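Since the structure comes first, as structure tokens, the remarks are kept for the end.
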Ligand code: NYM
């Protein structure tokens with residue numbers, strides 16, 4: 001087998017991403033790893049965690065944006081090793097699209113799409129992204145509101161910005177497709193099957209080489 005495939009699951013807060021990442025990871029096991037961003041266990045991740053959980057911990061919007069991106073950069077070597085050397089698939093919970101969409105939703109002067117994307121340019125790109133959309137509000141999910149950004153009106157803005165980000169980062173040859181899956185009123189198993197339907201052909205396809213895609 002050539003390299004493993006990089007599958008990303010994105011969505012708003014409490015959309016059920018983590019459950020689905022675990023299901024997909026188990027399905028691909030033992031030939032897979034699951035990862036998430038922010039990766040809170042590193043020093044940079046610790047600062048991010050403090051920012052998200054302690055609403056009185058202040059930091060400029062630009063700084064926290066760059067920290068989220070740095071957190072992705074510090075795990076690139078590991079991602080490359082997992083895909084290319086270990087030939088394992090990666091199932092990822094959040095990545096570049098979250099980075100851009102959440103920062104754009106703040107609508108800070110000067111922090112436009114190009115600014116937000118600049119620091120992520122060159123990161124390893126997923127082979128497929130699945131975006132989970134729930135047309136009913138997620139604000140009744142357990143734990144919603146505990147962390148920064150978990151407010152209904154902000155989440156609506158983030159959703160809009162996700163759409164813009166997907167459009168801007170679409171590849172002309174569709175080498176790194178984004179599949180939108182409506183999870184409204186669906187059970188965990190139903191969503192799992194919908195995800196598998198789009199992911200199976202990607203993980204089943206042989207790569208022509210070990211070459212990774214890049215943003
Ligand atoms: N988040 C996540 C960002 O604002 N930028 C990023 O680059 C990433 C990866 O972190 N509200 C936000 C989205 C979430 C928060 O994520 C924590 P999670 O998946 O709840 O741990």
Step by step: first the residues of the range 12-25, then only those that are modelled with pLDDT of 95 or more and touching a helix residue (DSSP H, G or I) at 6+ places or on another chain (Cβ under 7 Å), then the one that is surrounded by the fewest Cβ atoms within 10 Å (Cβ to Cβ). Which residue is that?
19
Is it true that some residue in the range 57-72 is farther than 16 Å from residue 122 by Cβ, touching a strand residue (DSSP E or B) at 6+ places or on another chain (Cβ under 6 Å) and more than 10 Å from the ligand (Cβ to nearest atom)?
no
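Against the condition touching a residue at least 12 places away in the same chain (Cβ under 8 Å), closer than 24 Å to residue 205 by Cβ, in a helix (DSSP H, G or I) and under 17 Å from the mean Cα position of the chain (by Cα), how does residue 102 come out, does it pass? It would help to see each step written out before you state the result.
Working: touching a residue at least 12 places away in the same chain (Cβ under 8 Å): yes; closer than 24 Å to residue 205 by Cβ: no; in a helix (DSSP H, G or I): yes; under 17 Å from the mean Cα position of the chain (by Cα): yes.
Against the criterion (touching a residue at least 12 places away in the same chain (Cβ under 8 Å), closer than 24 Å to residue 205 by Cβ, in a helix (DSSP H, G or I) and under 17 Å from the mean Cα position of the chain (by Cα)), residue 102 does not qualify.
Considering only the range 107-133, state which residues are out of contact with any strand residue (DSSP E or B) (no Cβ under 6 Å at 6 or more places or on another chain), part of a loop (DSSP other than H, G, I, E, B) and more than 9 Å from the ligand (Cβ to nearest atom). Before the answer, list the steps.
First, the residues of the range 107-133 that are out of contact with any strand residue (DSSP E or B) (no Cβ under 6 Å at 6 or more places or on another chain): 107-121, 123-124.
Next, only the ones that are part of a loop (DSSP other than H, G, I, E, B) stay: 107-112, 119-121, 123.
Of everything in the range 107-133, those that are out of contact with any strand residue (DSSP E or B) (no Cβ under 6 Å at 6 or more places or on another chain), part of a loop (DSSP other than H, G, I, E, B) and more than 9 Å from the ligand (Cβ to nearest atom) turn out to be 107, 108, 109, 110, 111, 112, 119, 121, 123.
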Condition test on residue 104, is it surrounded by 18 or more Cβ atoms within 10 Å (Cβ to Cβ), modelled with pLDDT of 95 or more and closer than 22 Å to residue 152 by Cα?
yes
Within the range 82-89, does at least one residue satisfy the condition of being within 27 Å of residue 141 (Cβ to Cβ) and either exposed (fewer than 15 other Cβ atoms within 10 Å of the Cβ) or touching a strand residue (DSSP E or B) at 6+ places or on another chain (Cβ under 9 Å) (or both)?
no
Any residue in the range 29-41 that is touching a residue at least 12 places away in the same chain (Cβ under 8 Å) sitting within a Cβ distance under 6 Å of a residue that is within 11 Å of the ligand (Cβ to nearest atom) and assigned to a strand (DSSP E or B)? List the pairs, counting only those 6 or more apart or interchain.
35/92; 36/93
Pick from the range 40-77 the residues that are farther than 29 Å from residue 212 by Cβ and surrounded by fewer than 12 Cβ atoms within 10 Å (Cβ to Cβ): which of them is modelled with the highest pLDDT?
60
Only residues that are surrounded by 16 or more Cβ atoms within 10 Å (Cβ to Cβ) and within 14 Å of the ligand (Cβ to nearest atom): list them for the range 134-148, please.
138, 144
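The values are calculated or read from the model by the stated rules, or taken from the named source; none is laboratory data. Worth saying up front: this structure is predicted, and the values here are computed from it rather than measured. Heads up, the Cβs are rebuilt from the backbone with ideal geometry, glycines too, and the neighbour counts pull from every protein chain shown.
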